[in-house]
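Remarks on the structure that follows.
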Amino acid sequence: MNTSVSNTGRLLGAGLRALLVLTLVTGVLYPLLVTGIAQGLFPGRANGSAIKADGTVVGSSLIGQAYDLPLKGGEETRAPDLKWFQGRPQNGLGTNSANTRYRLILSGATNRSGDNDELMQWVKDAKAAVVKDNSTDTYKVQPSQVPADAVTSSGSGLDPHISPQYANLQIHRVAERNGLSTTEVRELVDEHTEGRTLGFMGEPRVNVLKLNIALKDLTTKS
């Protein structure tokens, strides 16, 4: 009986020591090591790829934002603020029904097939809106000019980038709304167009947040 109790005690003691050691190694030392390496070598990425404007963090280069007008009386959907470059559509991902006090950012795909009637209607409506919103007195957008990323959300719904084609489509509208020349705005787009990663992966892209920060700086100087 004493031997059994003694063995049990030793096993419990060994298990407790193993738990404490593993907790120290995996729960304290390893996270501190990884955090230290990340902060030392990649501080920007380790801290969420934050973007600052006028010394204040205004977002992340990894997460898209909406550039909308405040809701007016009776409105349920925010209208886009057309003085800014617009990102990819962020609708079709459902609504926050868990806690309606907060307007959460929802991430995910629509999970609708390419021949889904609702999805096709979304695309048609989005295309008509892009044509209408980006046409000016001196520049008319043709439906054939509208790229796919202007009317469809990404797999996450939070893509921070748009194609150079979609950015160029918005140049005339942005220039007109901000009292700038199309040449000035086109130069901004060109400056913020990123090439393929390592020259062959992905597609050329434009980060909308960075572009809009540069646009704000340009309008302030003008």
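Considering only Cα-Cα distances, which of the following residue pairs are longer than 18 Å: 52/210; 72/132; 52/83?
Going by Cα-Cα distance, 72/132; 52/83 fall outside the 18 Å limit.
Using the crude model of +1 on Lys and Arg Cβ and -1 on Asp and Glu Cβ, and no other charge, please compute the dipole size for the chain relative to its Cα centre, in debye to 20. The partial results should precede the final answer.
Numbers: 23 positive and 21 negative charges, 149 e Å.
Around 720 debye, computed over the chain.
Of 164, 47, 150, whose Cα points farthest to the positive end of the dipole of the chain (charges on the beta-carbon: +1 Lys, Arg; -1 Asp, Glu; origin at the Cα centre)?
The residue sitting farthest along the positive end of the dipole is 47.
What is the angle, in °, between the Cα long axis of helix 117-134 and the longest principal axis of the Cα atoms in the chain? Nearest 10 is fine, range 0 to 90.
Helix 117-134 sits at roughly 50 degrees to that axis.
For the pair residue 119 and residue 11, how long in nm is the line joining their label points, each one 7 Å along Cα→Cβ?
Roughly 5.5 nm, to one decimal.
Show me the trypsin sites (Lys or Arg not before Pro) within region 101-180 that DSSP assigns to loop and that have at most 14 other Cβ atoms within 10 Å of their Cβ.
101, 103, 112, 140
For volume of the Cα convex hull per residue in Å³, one of [x] 251; [y] 110; [z] 137 was computed from the structure I shared and the rest are decoys. Which label?
Only one option fits the structure, namely [x].
Hey, what number do you get for the chain at 222 nm if only DSSP H runs of n ≥ 4 count, each worth -39500 (n - 2.57), divided across all residues, to the nearest 500?
Helices in the chain give a 222 nm mean residue ellipticity of -13000 deg cm²/dmol.
Tell me the relative contact order for the chain as a rounded percent, counting alpha carbon contacts under 8 Å between residues six or more apart.
18 percent
Can you give me the relative contact order of region 112-222 as a percent, contacts being Cα pairs under 8 Å and 6 or more apart?
21 percent
Note the angle between two axes, namely the Cα long axis of helix 182-191 and the longest principal axis of the Cα atoms of the chain, as a number of degrees from 0 to 90, rounded to the nearest 10.
20 degrees
Determine, for each peptide in 80-87, 160-167, the mean count of other beta carbons within 10 angstrom over its residues, then list the peptides with the highest first.
Details: 80-87: 19.9, 160-167: 22.1.
Descending packing order for the listed peptides: 160-167, 80-87.
How far apart, in nm, are two points set 7 Å out from the Cα along the Cα-to-Cβ line at residue 109 and at residue 219?
3.6 nm
Read-outs: derived from the displayed coordinates by stated rules, not from any lab. Values in this document were obtained by computation on a predicted structure and should not be read as measured data. When we count neighbours, we look across all protein chains shown, and the Cβ atoms used for this are built from the backbone with ideal geometry, even at glycine.
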